[in-house]
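Asks: Questions regarding the structure given below will be posed in turn.
The values are calculated or read from the model by the stated rules, or taken from the named source; none is laboratory data. Model, not experiment: these values are computed from the prediction. Virtual Cβ from ideal backbone geometry, glycine too; neighbours counted across all protein chains shown. Protein only, heavy atoms only, side chains kept; ligands, DNA and RNA dropped before computing areas. Shrake-Rupley method; radii C 1.70, N 1.55, O 1.52, S 1.80 Å.
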Amino acid sequence: MSIDKLEIGNKYSKVELSKILNEPSIVVGFNKQSGLFYCKNSKTTLLFVTLDKRGKPATQKYDDYYEDNFFHWDSQAKQSFNTPRIQEIVQGINKIILFARINARTKSTTNPFVNCGELRYTEHQRSKPVHILFESIDYDDFSTDEDLIDIYLYDPKEKGKQTSNNINKQGKTLISD
């Protein structure tokens, strides 16, 4: 099955995605802390993000959140703007698909990720870690999907997190191709 067959707003575990996309290494040997998975069967990068960083070590408190139809994302601290995988994102070599969730777990159960759709690089700030701003191609102002709405409206400031970037796109839109 192609990544294009996955439904925006649907929930998927990494195990389900590995089967659907015929990408077994999503769950076997995948560095769970990296948040990026590079598909071997297509020119696609899957971006896995857990928005609520409470309880995480400072090194894993990335600045990830939606601001209207833009998605802010921090790379790992060891990555710089010149890292080959970051350059692939900037140059648009692979399609980027965002899978997000608010919390990693509810009680003792791992939460699935919500397919938020395709992202397109627009700009970045800082070199290490890199803070990237993406336009969310599949963002839906009129969505009635509660999971998507919760992800769109998640505000890290409400959880005691101050953002460390000064890119502000609130109320702005890009004209997509």
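Asks: Restricting attention to the range 118-140, which residues are in a loop (DSSP other than H, G, I, E, B) and among the basic types (Lys, Arg)?
Replies: ARG126, LYS128
Asks: Moving to a separate point now. What are the residues in the range 103-116 that are surrounded by fewer than 20 Cβ atoms within 10 Å (Cβ to Cβ) and touching a strand residue (DSSP E or B) at 6+ places or on another chain (Cβ under 9 Å), if any?
Replies: Of everything in the range 103-116, those that are surrounded by fewer than 20 Cβ atoms within 10 Å (Cβ to Cβ) and touching a strand residue (DSSP E or B) at 6+ places or on another chain (Cβ under 9 Å) turn out to be ASN103, ALA104, ASN111, PRO112.
Asks: Could you please find all residues in the range 1-39 being part of a loop (DSSP other than H, G, I, E, B), open to solvent by 30 Å² or more (accessible area, probe 1.4 Å), at pLDDT 90 or above and not small (Gly, Ala, Ser)?
Replies: GLU7, ILE8, ASN10, ASN22
Asks: Under 6 Å between Cβ atoms, which residue pairs at least 6 apart in sequence (or on different chains) link something in the range 5-19 that is among the charged types (D, E, K, R) with a partner that is open to solvent by 40 Å² or more (accessible area, probe 1.4 Å)?
Replies: LYS11/PRO112; LYS14/VAL27
Asks: Same structure again: Can you tell me how many residues in the range 87-142 are modelled with pLDDT under 95 and in contact with a helix residue (DSSP H, G or I) (Cβ under 6 Å, 6 or more places away or on another chain)?
Replies: Residues in the range 87-142 being modelled with pLDDT under 95 and in contact with a helix residue (DSSP H, G or I) (Cβ under 6 Å, 6 or more places away or on another chain): 2 in total.
Asks: Of the conditions (1) closer than 24 Å to TYR38 by Cβ; (2) at pLDDT below 90; (3) not in a loop (DSSP other than H, G, I, E, B), LYS78 fails just one. Which one is it?
Replies: Status for LYS78: all satisfied but (3).
Asks: Follow-up. Consider only pairs whose beta carbons are under 7 Å apart and that are at least six residues apart or on different chains; among these, list those whose first residue lies in the range 77-102 and is touching a residue at least 12 places away in the same chain (Cβ under 8 Å) and whose second residue is of a type in the set (Val, Ile, Thr) and open to solvent by 50 Å² or more (accessible area, probe 1.4 Å).
Replies: ALA77/THR59
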